[in-house]
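A.B. asks: Have a look at the structure that comes next, please.
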Amino acid sequence: QVSLVESGGGLVQPGQALRLSCAPALSIFTKAWYRQAPGKQRELVAQIERGGRIHYSDFVNGRLTIAIDHAQNTFYLQMNSLQPEDTAVYYCSLEYNAIEKYWGRGMQVTVAS
């Protein structure tokens, strides 16, 4: 069993940046970020597979970066040029063999002026 700890959510103005972090970054798992906006389905934002392949959903459009901080044993989502449509609850996840999956509690990210 794995427990995930998230940090970094909050309120930011359009055009600003946030960095979301999640721990631990266990090596055998696919590491992923999801988000769920009000009234919408939860959707994948980005993921790093066990072998290192990185996948971004189409809406990311180069503004968001997923990466691993090995020194801190965390993985993070760097979000730049944030826009109001990025407002959502963000969740980190560890996944293994499409069977074993663990979720963070979720963090509110609000982009508004």
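A.B. asks: Work out the length of the dipole vector of the chain about its Cα centre, built from +1 on the beta-carbon of each Lys and Arg and -1 on the beta-carbon of each Asp and Glu, and round it to the nearest 20 debye. The partial results should precede the final answer.
C.D. replies: On the way: 10 positive and 9 negative charges, 12 e Å.
The calculated dipole for the chain is roughly 60 debye.
A.B. asks: Pull up the DSSP beta bridges for the chain and report the antiparallel fraction as a percent, rounded to 5.
C.D. replies: Working: 36 of 39 bridges.
In the chain, DSSP labels about 90 percent of beta bridges as antiparallel.
A.B. asks: So how do 27-33, 5-11 stack up, highest first, on mean other-Cβ count within 10 Å? Can you show the working numbers first?
C.D. replies: Numbers: 27-33: 19.0, 5-11: 14.7.
Ranked by mean Cβ neighbours within 10 Å, highest first: 27-33, 5-11.
A.B. asks: State the Kirkwood hydrodynamic radius of segment 59-112 in Å, one decimal place, computed from all pairs of distinct Cα atoms.
C.D. replies: Hydrodynamic radius (Kirkwood, Cα pairs) of segment 59-112 is 12.9 Å.
A.B. asks: Further question: Beta carbons within 10 angstrom, averaged per residue: use that to sort the peptides 62-70, 88-96, highest first.
C.D. replies: Packing order, densest peptide first, comes out as 88-96, 62-70.
A.B. asks: Let me ask you something else. Summarise the accessible area of the chain (1.4 Å probe, protein heavy atoms) by the percent that is carbon and sulfur.
C.D. replies: 46
A.B. asks: Report the per residue volume, in Å³, of the convex hull enclosing the C-alpha atoms of the chain.
C.D. replies: 101
A.B. asks: Could you check the spin-label model distance between Ala112 and Ala71? Points 7 Å from the Cα along Cα→Cβ, value in nm.
C.D. replies: Placing both labels 7 Å beyond Cα along the Cβ direction yields 3.6 nm.
A.B. asks: Looking only at Arg19, Arg53, Arg42, which one moves most when the chain is put into a Gaussian network model with springs between Cα atoms under 10 Å?
C.D. replies: Arg53
A.B. asks: Next question, about the same structure. Averaged per residue, what accessible surface does the chain expose to a 1.4 Å probe, in Å²?
C.D. replies: 56
A.B. asks: Right, another one. Got the relative contact order for the chain handy, in percent, Cα pairs under 8 Å and 6 or more residues apart? Could you put the intermediate results ahead of the total?
C.D. replies: On the way: 266 pairs, mean separation 41.9, N = 113.
Dividing the mean separation by the residue count of the chain yields 37 percent.
The values are calculated or read from the model by the stated rules, or taken from the named source; none is laboratory data. Just so we're clear, the structure is a prediction, and the values are computed from it rather than from any experiment. FYI the Cβ positions are ideal-geometry reconstructions off the backbone, even for glycines, and counts take in every protein chain you see. Keep in mind that these areas ignore ligands, DNA and RNA; they rest on the heavy atoms of the full protein, side chains included. Shrake-Rupley method; radii C 1.70, N 1.55, O 1.52, S 1.80 Å.
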